[in-house]
Amino acid sequence: MPQRSTPLWIDCDTGIDDALALLLALGDPAANLIGVSTVAGNCPLPQATENTLRVLELAGARRIPLSAGAAGPLAGPTADARQIHGVDGLGGCAEMLPPARRRPQAEPAAQILVRTLRACPGHITLVATGPLTNLALALALDGDIARHARHVVVMGGAVAAPGNVGPTVEFNIAADPEAARTVFAAPWPLTLVSLDVTMDVCMGTAQVAALRAGGGPVAAFCAQTLTAYMRAYERLGFRPEAPMHDPLAVAVACDPALVQAVQLPVGIETRGEWTRGMTVADQRVLSRPTLLAGRRTVQVCREVNAQAAIRRMLRAWGAQPAGG
Ligand code: BDR
Ligand code: CA
């Protein structure tokens, strides 16, 4: 039987791996990308929006609604991740993309999210691959949307794994902890795809070669931007490999069987000197289920089938199949 595709809305801060996540959603038959919104994060909002429009153009996805959202967090300074994603947000590869031939919709992201979720109750999966500002603003406009989303998949946080922008904190959550607190407290089914699993799904030179051999423009762009991403991680002292943070969130939205997860209460620390933006999971409930009583939980991914996830991504991006 053909698999039914999942209607996805991606909220992103494009970003190298956000671009790869969008191209996964556009190339995977299990995904049906119905809309995209942008938020400041890896780069300033205008750049994230421009990058997103150009990625959609590359994939020929000109009719997918694109709305710009928040230019900064609910509180505190606006983050950026130029160190990893470069000044253009795409590791210097933006120029490989076709120019955007349209502008974002006039309606701001939070409003369009509310309208879209209300129009299709129980239907849409939201995948957030940037700071959670737009989702928090949408909840502030209309808290009922938490009952209308089918599922929310958040790339962010670090539960048992170390953080990436501080000892315990991950970029997307640390960039807007107040927004994350709101989003994690809302009563929607939420899956957390944190560094605990994304750091296990890495691509390197073998995958770049398979993409180059794939030949099409999407594969060529993925190979080039992935190379820039690997080099950035290498400069920071990691192995020359790039973790597939945002693509993994899309892959999990399409196929939850890629991960093993547990239901845990998760709070967002907003006050600590070292821990502002930390995802604090109460793992005591695993051995003492009575501690769960009346508490809101989220699905926390703990193990991932990395090979299956990588295969899925490469296929969607048009890489040459292994042995092909
Ligand atoms: C997250 O931070 C961003 O730099 C990436 O795009 C990803 O969403 C990983 O911590
Ligand atoms: Ca991102």
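Read-outs throughout are calculated quantities, based only on the coordinates presented, and are distinct from any laboratory measurement. Bear in mind the structure is a predicted one, so any value in this text is a computation, not a measurement. In this analysis, Cβ positions are derived from the backbone assuming ideal geometry, glycine residues included, and neighbour counts consider all displayed protein chains.
Output the residue which, of all residues in region 16-50 that are over 25 Å from Arg150 (Cα atoms), buried (at least 24 other Cβ atoms within 10 Å of the Cβ) and of a type in the set (S, T, N, Q), is farthest from ligand 1 (Cβ to nearest atom). The selected residue is Thr49. Out of Thr49, Thr38, one residue alone is within 16 Å of ligand 2 (Cβ to nearest atom), out of contact with any helix residue (DSSP H, G or I) (no Cβ under 7 Å at 6 or more places or on another chain), β-branched (Val, Ile, Thr) and over 18 Å from Gln224 (Cβ atoms). It is Thr49. Please work out if Thr52 is closer than 13 Å to Gly89 by Cα and assigned to a loop (DSSP other than H, G, I, E, B). When the stated conditions are applied, Thr52 does not pass them. Output the residues belonging to region 119-163 that are within 15 Å of ligand 2 (Cβ to nearest atom) and either touching a Cys at 6+ places or on another chain (Cβ under 9 Å) or hydroxyl-bearing (Ser, Thr, Tyr) (or both). The answer is Val127, Ala128, Thr129, Gly130, Thr133.
So that you can scan it fast, the table gives a plain yes or no per residue for (1) of a type in the set (Ser, Thr, Tyr); (2) touching a strand residue (DSSP E or B) at 6+ places or on another chain (Cβ under 8 Å):
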| residue | (1), (2) |
| --- | --- |
| Gly272 | no, no |
| Thr275 | yes, no |
| Ala281 | no, yes |
| Val285 | no, yes |
| Arg296 | no, no |
| Gly318 | no, no |
| Ala322 | no, no |
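Just to confirm my filter: which helices (runs of 4 or more DSSP H) fall fully inside region 163-269 and include at least 3 residues that are touching a residue at least 24 places away in the same chain (Cβ under 8 Å), among the hydrophobic types (A, V, I, L, M, F, W, C) and surrounded by 18 or more Cβ atoms within 10 Å (Cβ to Cβ)? Steps first, please.
Numbers: elements: 171-174, 177-185, 195-198, 205-214, 217-235, 245-254.
Output list reads 171-174, 177-185, 217-235, 245-254.
Within region 55-85, how many residues turn out to be within 15 Å of ligand 2 (Cβ to nearest atom) and not polar (S, T, N, Q)?
Going through region 55-85, the residues within 15 Å of ligand 2 (Cβ to nearest atom) turn out to be 55, 69-70, 73, 78-85.
Imposing the further condition that a residue be not polar (S, T, N, Q) reduces the set to 55, 69-70, 73, 79-82, 84-85.
Of the residues in region 55-85, 10 are within 15 Å of ligand 2 (Cβ to nearest atom) and not polar (S, T, N, Q).
Quick check on region 87-98. Is at least one of its residues out of contact with any Lys or Arg (no Cβ under 9 Å at 6 or more places or on another chain), of a type outside the set (Ser, Thr, Tyr) and within 16 Å of ligand 2 (Cβ to nearest atom)? Yes: one or more hits.
Taken over region 125-153, residues that are buried (at least 24 other Cβ atoms within 10 Å of the Cβ) and in contact with a strand residue (DSSP E or B) (Cβ under 8 Å, 6 or more places away or on another chain) amount to 11.
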